[in-house]
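S.K.: Before I ask anything, let me first share the structure, which is written out below as structure tokens.
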Amino acid sequence: VLQNLSQTPVLRELLKEAKMPDATVKIESPELFMEPQLIKLDQPGPLTLAMYQFLTEMQETKKGVVTPKELFAQVCKKAIRFKGYQQQDSHELLRYLLDGMRTEE
């Protein structure tokens with residue numbers, strides 16, 4: 001799931017802009033024939049910042065191995081079910097991760 005998210009350029013760009021306090025993000029969707037949306041964001045929360053740091057590290061690292069310790073810790077704070085390193089479904093992680101980031105908006 002995290003490897004797929006790391007290859008989503010729109011997500012990386014939005015997180016890059018969102019990490020700045022009081023940022024305004026412009027979202028355009030020409031394929032949906034929508035007017036551009038300007039969204040003012042507050043200070044990003046710890047899960048959003050951890051996601052940004054993780055995706056940045058995945059893109060910039062040359063060593064090949066990236067450990068999502070901080071991101072996992074933040075997910076566990078939002079969804080206790082992930083504590084204990086038991087096997088979980090990847091779609092559940094994705095849902096909790098994205099829902100957690102959305103609630104921090």
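Every number in this text was worked out from the coordinates using simple rules, so none of it is lab data. These numbers were taken from a predicted model, which means no experiment stands behind them. Cβ sites come from the backbone with ideal geometry, for glycine too, and all protein chains shown count toward neighbours.
S.K.: Sum -39500 (n - 2.57) across every DSSP H segment of at least 4 residues in the chain, then divide by the residue count to get the 222 nm mean residue ellipticity, nearest 500.
M.R.: Details: 5 runs with 54 residues, N = 105.
Roughly -15500 deg cm²/dmol at 222 nm, from the helical runs in the chain.
S.K.: I would also like to ask the following. In µm²/s, what is D for the stretch 1-103 at 4 °C and 1.567 mPa s, where D = kT/(6 pi eta Rh) by Stokes-Einstein and Rh is the Kirkwood radius from Cα pairs?
M.R.: Once the numbers are plugged in, D ends up at 87 µm²/s.
S.K.: Taking the chain as a Gaussian network, where each spring joins two C-alpha atoms under 10 Å apart, which residue of 53, 43, 88 fluctuates the most?
M.R.: 88
S.K.: Name the residue, out of 36, 44, 21, whose mean-square fluctuation peaks in a Gaussian network model built on the chain with Cα pairs under 10 Å.
M.R.: Of the options given, 36 has the highest mean-square fluctuation.
S.K.: Out of 10, 41, 75, whose Cα points farthest toward the positive end of the dipole of the chain (charges: +1 Lys, Arg; -1 Asp, Glu; placed on Cβ)?
M.R.: The one lying farthest along the dipole's positive direction is 75.
S.K.: I've got another one for you. Around residue 77, with a cut-off of 14 angstrom between Cβ atoms, what is the net charge of the other residues, counting Lys and Arg +1 and Asp and Glu -1?
M.R.: +1
S.K.: Do the alpha carbons of any pairs in 40/83; 40/78; 26/83 sit beyond 30 Å of each other, and which pairs?
M.R.: Details: 40/83 33 Å; 40/78 24 Å; 26/83 36 Å.
Pairs exceeding 30 Å: 40/83; 26/83.
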